[in-house]
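Colleague: One structure coming up, written as structure tokens, with questions to follow.
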Amino acid sequence: MEEYLKIKCPHCESILIIDRHDNKVVEVRKPLVKKSSGDRFQDAFEKYKSDKNETKKKFQENVESMKNKKAKMDEFLKKRMAEIDQEEKK
């Protein structure tokens, strides 16, 4: 007979590891992904891939944002330089 019971919580879908001898919860394994395959290593790998894709997406968004900010700053600088040149000519 196994030393521990594994029970899945129907509410949060966590797996509770319970010691058979003293009936205490030894460990709580929360699901790593919304749709668990039952294999924690596979779920961890899927979560890793998902997190990696999300990180790449956020990085690309930040790169685009920085490019837009740089373009606005360059445009502002050109306008100010043109204004200064015209003031000097007067």
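Each value in this text was obtained by applying a stated rule to the coordinates, not by laboratory testing. Keep in mind that what you see is a predicted model, and the values were worked out from it rather than measured.
Colleague: Please indicate, with yes or no, whether at least one residue in region 44-53 is more than 14 Å from the chain's Cα centre (by Cα) and of a type in the set (G, A, S).
Modeller: no
Colleague: Given the options D85, D74, D39, name the one that is among the acidic types (D, E) and within 30 Å of I15 (Cα to Cα). Reasoning before the result, please.
Modeller: Details: D85 fails: within 30 Å of I15 (Cα to Cα); D74 fails: within 30 Å of I15 (Cα to Cα).
Only one candidate qualifies: D39.
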